[in-house]
1. Given the criteria of a type in the set (Asp, Glu) and in contact (Cβ under 8 Å) with a residue 24 or more places away in the chain, does residue 85 qualify?
2. Could you say whether any residue in the stretch 205-225 is part of a helix (DSSP H, G or I) and of a type in the set (Gly, Ala, Ser)?
3. Show me the strands (runs of 3 or more DSSP E) found entirely inside the stretch 23-106 where at least 3 residues are farther than 17 Å from residue 7 by Cα.
4. Return yes or no: is residue 273 under 26 Å from residue 210 (Cα atoms), within 38 Å of the chain's Cα centre (by Cα) and either aromatic (Phe, Trp, Tyr) or surrounded by fewer than 21 Cβ atoms within 10 Å (Cβ to Cβ) (or both)?
5. If I filter the stretch 185-199 for residues that are part of a helix (DSSP H, G or I) and either surrounded by fewer than 12 Cβ atoms within 10 Å (Cβ to Cβ) or of a type in the set (A, V, I, L, M, F, W, C) (or both), do I get at least one hit?
6. Look at residue 117 and say whether it is within 46 Å of the chain's Cα centre (by Cα), exposed (fewer than 13 other Cβ atoms within 10 Å of the Cβ) and under 27 Å from residue 144 (Cα atoms).
7. Return the pair list, or none, for Cβ contacts closer than 7 Å from residues in the stretch 238-261 that are modelled with pLDDT under 80 to residues that are not in a helix (DSSP H, G or I), at least 6 apart or on different chains.
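The values are calculated or read from the model by the stated rules, or taken from the named source; none is laboratory data. Keep in mind that this is a model prediction, so the values were computed, not measured. Here the Cβ is made from the backbone with ideal geometry for all residues, glycine too, and neighbour counts use every protein chain on show.
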Amino acid sequence: MMTKITQRIAANRQTTAKDLILYDDALAGFCPRVRPTGTKIWYFRYRTPGGPQRRLVLGRLPGIGAAMARQLAMVAAGDVARGIDVLAQRREVAAENLRSRQSTLKTFITERYEPWALTYLRTGEFQLERIRADFAEWLDKPLADLSPWLSDQWRKRQIATGMAPVTVNRNLQRLRALVAKAVMWKVIDQHPFAEVKPLRCDRTGRARYLSDTEEQQLRDALFAREQELRRNRESFDRWRDVRGIAPLPLRAAEFIDHVRPMALLALKTGMRRGELLKLQWRDVDIDDKWLGRVIPKNKSEHTAGEAQRANLAYCHDRQLMARMDHLGNNDGVSLMGKDRVDTDPRSLLAGAVGLVSTTAETPWAFDETPWAFDAPVTGPQPPMDGEERDV
């Protein structure tokens, strides 16, 4: 329909089952669009040289009247005549406004990165907490002001506090991943840390061995803990029996829960908490005394895809067999059993380790569990807890 579009024509136009477009015969490209819902939108259509047809939204009726919409369309027509892509120009302005609103590290984290991290990162809440703590002095700094020099100064201060280079690299990597998202989402043009290389660090690690006294303290504490829990169950059953309540089963199994076998495995293999929690019985070969897992591909390139195997010759495989009998040795079942499914991994062994770490010669956390496999690969089986040891 070709006619000069006025306020009355646009306002009184009735809706149809499909979108209705009214073309103005006085200004080429100026056209209101009437949607089936009753919404009326002012558009200006134009074509860039050698490009596709584009449609620029001018506003909605009644917020923008016919006279104002026509004036905006005439301005846009003049820009198009000068070779300006008005739609692309508007998008650039919108992107620049978004950048200005999200220019600081704090704002970008809150408005863009945090919703994404909490949705897609398994440890998103922890990662956000560490970024805000490690880079608190940068939160009010624009992302565009981040630079390699700033990162070098930050690393120098962290090293001066005694932080290990590997920890400094890990903390900075969290921020690098965040800034990479800012580049991907067009908040900034380039990555400020693209040329920053990680600090050199010792990749061989170090082993801290338990002394004989410390190892015996840990074993005694773990065994005493289970004995105490057994006595508590017996006492509770007596209380129930007096009141005519059926007693609960006695805790007669070799292990009453995951704590002692997990601690002993960590001691004798050097495996970390996360590795132990992911173990399944299909990873255990009792006959050959081997325990092995395939390292995920997101690990170090030096070990990706390789079979990680720990020798169980001195890992008390008799205790493992008892644990296997208790669980039924089902393929796909966690090595630590179903009783750890609802347990917070971060505090899984805090109690057991705390029993001995405070009296150890050097305090340690579970993920820094000192190794105790100081015996040869072949040889006699170490005694079970409670058995006599040869001096």
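1. Numbers: of a type in the set (Asp, Glu): yes; in contact (Cβ under 8 Å) with a residue 24 or more places away in the chain: yes.
Yes, satisfied.
2. If we filter the stretch 205-225 for residues that are part of a helix (DSSP H, G or I), which is where we start, we get 212-225.
Subsequent filtering for residues that are of a type in the set (Gly, Ala, Ser) retains 221, 224.
Yes, there is a match, as at least one residue in the stretch 205-225 is part of a helix (DSSP H, G or I) and of a type in the set (Gly, Ala, Ser).
3. Working: elements: 30-34, 40-47, 53-61.
Filter on the stretch 23-106 gives 40-47, 53-61.
4. Details: under 26 Å from residue 210 (Cα atoms): yes; within 38 Å of the chain's Cα centre (by Cα): yes; either aromatic (Phe, Trp, Tyr) or surrounded by fewer than 21 Cβ atoms within 10 Å (Cβ to Cβ) (or both): yes.
Against the criterion (under 26 Å from residue 210 (Cα atoms), within 38 Å of the chain's Cα centre (by Cα) and either aromatic (Phe, Trp, Tyr) or surrounded by fewer than 21 Cβ atoms within 10 Å (Cβ to Cβ) (or both)), residue 273 qualifies.
5. Taking the stretch 185-199 and keeping what is part of a helix (DSSP H, G or I), we get none.
Scanning the stretch 185-199, I find no residue that is part of a helix (DSSP H, G or I) and either surrounded by fewer than 12 Cβ atoms within 10 Å (Cβ to Cβ) or of a type in the set (A, V, I, L, M, F, W, C) (or both), so the answer is no.
6. So residue 117 does not fit the description; no.
7. 258/336; 258/337; 259/349; 261/255
Residue-by-condition table, conditions (1) under 25 Å from the mean Cα position of the chain (by Cα); (2) of a type in the set (Ser, Thr, Tyr); (3) surrounded by 14 or more Cβ atoms within 10 Å (Cβ to Cβ):
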| position | (1), (2), (3) |
| --- | --- |
| 136 | yes, no, no |
| 142 | yes, no, yes |
| 145 | no, no, no |
| 217 | no, no, yes |
| 233 | no, no, yes |
